[in-house]
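Have a look at the structure below before the remarks.
Rule-based calculations on the coordinates, nothing more; no lab input. These numbers were taken from a predicted model, which means no experiment stands behind them. Cβ placement follows ideal geometry from the backbone for every residue including glycine, while neighbour counts extend to all protein chains displayed.
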């Protein structure tokens, strides 16, 4: 596989933002030629599939500006830093966005949402043993929290109604995990 590796020759930070940084790198390709790679560095994120004792998922409806649409998503958010444990971020986002806390968190793995141009990694969790509490949304965050049967959400994924990649992946993984 080393014959596929690209070697970084130069790296230039062209934009530093609040949630992402944009780089333009010059790389040496496996055949010795050079090329340019534009990519985003991201601190990382965590997402949670909160499933109650009846098999319902706590989901969110949220307006997403780039798509000018309200999307169905699971609770998720970025890490506070690259060093923050992703479990801590998952628990925080679950509580902040939905008000729920979980007795059990099951790690479902990593998801690379945009591997062609970003190093973002989203850590996926299944939350069980839910206890309802109070939501603590950020000032710029507006979500409609709903409870939907997991089987219904799987049908919506297959019908193309749920378009968010992390939500699709984590719901399908949680569904298969819960099926045994």
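Data table
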{"quantity": "Separation between Cα centres of the stretch 82-148 and the stretch 3-63, rounded to whole Å", "calculated": "18 Å"}
{"quantity": "Per-residue Cβ neighbour rank within 10 angstrom, fewest leading, 158, 124", "calculated": "158, 124"}
{"quantity": "Beta bridge orientation in the chain: antiparallel %, DSSP, nearest 5", "calculated": "85 percent"}
{"quantity": "Normalised contact order of the stretch 45-179, rounded percent, pairs of Cα under 8 Å and 6 or more residues apart", "calculated": "32 percent"}
{"quantity": "Most fluctuating residue given options 102, 170, 116, as computed from a GNM of the chain linking Cα atoms under 10 Å", "calculated": "116"}
{"quantity": "Most fluctuating residue given options 111, 23, 100, as computed from a GNM of the chain linking Cα atoms under 10 Å", "calculated": "23"}
{"quantity": "Computed helical MRE - 222 nm, the chain, DSSP H runs ≥ 4 contributing -39500 (n - 2.57), nearest 500", "calculated": "-6500 deg cm²/dmol"}
{"quantity": "Candidates 81, 118, 11: whichever shows maximal mean-square fluctuation once the chain is modelled as a Gaussian network with Cα springs under 10 Å", "calculated": "11"}
{"quantity": "Residues 12, 97, sorted so that the one with the fewest Cβ neighbours within 10 Å comes first", "calculated": "12, 97"}
{"quantity": "Helix axis angle, 86-98 relative to the chain longest principal axis, alpha carbon, degrees", "calculated": "50 degrees"}
{"quantity": "Angle between the chain longest axis and helix 165-179 axis [Cα atoms, degrees, rounded to 10]", "calculated": "50 degrees"}
{"quantity": "Global form of the stretch 2-42, assessed from the alpha-carbon gyration tensor, a/c cut-off 1.5", "calculated": "prolate"}
